C-alpha cells in the first residue's frame with residue numbers, strides 16, 4: 001500500500017526504490033502500533049486517550065470528532081466507537097502533518113511528491129459515502145502545515161477549557177467574586193440545582209468543575 005494512503009499502517013515496512021533511488025529498511029518506525037490519541041490531542045481524557053491511532057484516517061476521524069459539537073464525555077464515547085464516522089478537510093490536513101512528524105515513511109514519501117502534484121486517492125472502503133474529495137482537499141491544505149505550529153494551535157483553542165465554580169448561596173461573600181475569561185460562577189441554593197442534566201453549569205464548553213462546599217452538610221441528598 002502507498003505510504004500516503006490514509007489507511008496505511010506503519011509497521012516497519014522497508015522503503016521501496018523510487019525513481020532510481022535504492023530502497024532501504026525502516027524497521028524501527030512502527031507508528032501504527034505506538035501512537036495513541038493523547039499523542040495527537042493531549043486534552044482528551046482517559047480512557048479515550050489510550051485508544052490507538054493506526055493511520056492518518058483514524059487521526060482525522062478523532063480530530064473531526066473532537067472539534068465537533070458535544071460534551072467531553074460524548075466525544076470520548078464517539079472516539080472509542082470505531083463505527084462513529086466523522087471527517088472534514090481540516091482534520092485530514094492536520095492528521096497528515098501529524099504523521100509527517102511521527103512517521104518516517106510518510107515524511108519521506110511526502111518530500112518526494114512535487115509541490116504542484118495532486119493526490120489521487122482511491123475510494124476508502126467502510127464509509128457510507130465517497131470521501132476521496134475531502135481527502136484530496138485536506139492533503140493540499142496540509143502541504144504547507146508544520147505539526148509543531150498546529151500542536152500549539154490545538155493547545156490554545158481547547159474547546160473545553162472553561163471552568164465552572166459551583167458556589168452555595170449561603171456563602172454570601174463569594175457572591176462578589178468576579179469571573180475570568182474562562183471561568184463561570186454558578187450560585188445555587190441546593191445541590192439539586194447542579195445535577196448533571198442541568199445544561200447551565202454543565203455546558204459543552206466546560207472542561208472542569210470546582211465545587212465549593214457549604215459550611216454545613218446540606219439536608220437534601222443531592
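The values are calculated or read from the model by the stated rules, or taken from the named source; none is laboratory data. Keep in mind the model is a prediction, meaning the values are calculated, not measured. Cβ: placed from backbone, ideal geometry, glycine included. Neighbour counts: every protein chain shown.
Tabulated results
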{"read-out": "Residue list for segment 1-30, restricted to those being at pLDDT below 85 and under 21 Å from residue 127 (Cβ atoms)", "value": "1, 2"}
{"read-out": "Test set (1) more than 18 Å from residue 154 (Cα to Cα); (2) assigned by the TED database to the domain that holds residue 111; (3) out of contact with any helix residue (DSSP H, G or I) (no Cβ under 7 Å at 6 or more places or on another chain) - residue 58 fails condition number", "value": "(1)"}
{"read-out": "Subset tally (residues that are without any contact (Cβ under 8 Å) to a residue 40 or more places away in the chain and more than 29 Å from residue 123 (Cα to Cα)) for segment 33-48", "value": "4"}
{"read-out": "Sole exception among (1) modelled with pLDDT of 90 or more; (2) surrounded by fewer than 23 Cβ atoms within 10 Å (Cβ to Cβ) for residue 124, by number", "value": "(1)"}
{"read-out": "All positions within segment 15-32 that are in contact with a strand residue (DSSP E or B) (Cβ under 7 Å, 6 or more places away or on another chain) and without any contact (Cβ under 8 Å) to a residue 60 or more places away in the chain", "value": "23, 24"}
{"read-out": "Test: residue in segment 149-166 that is under 30 Å from residue 189 (Cβ atoms) and assigned to a loop (DSSP other than H, G, I, E, B)", "value": "yes"}
{"read-out": "Among residues of segment 102-117, those that are closer than 14 Å to residue 53 by Cα and either in a helix (DSSP H, G or I) or free of Cβ contacts under 8 Å to residues at least 12 places away in the same chain (or both), counted", "value": "1"}
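Quick grid of which residues meet (1) under 23 Å from residue 10 (Cα atoms); (2) touching a residue at least 60 places away in the same chain (Cβ under 8 Å); (3) buried (at least 19 other Cβ atoms within 10 Å of the Cβ):
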position: 53; (1), (2), (3): yes, no, yes
position: 57; (1), (2), (3): yes, yes, yes
position: 73; (1), (2), (3): no, no, no
position: 76; (1), (2), (3): no, no, yes
position: 81; (1), (2), (3): yes, no, no
position: 85; (1), (2), (3): yes, no, no
position: 97; (1), (2), (3): yes, no, yes
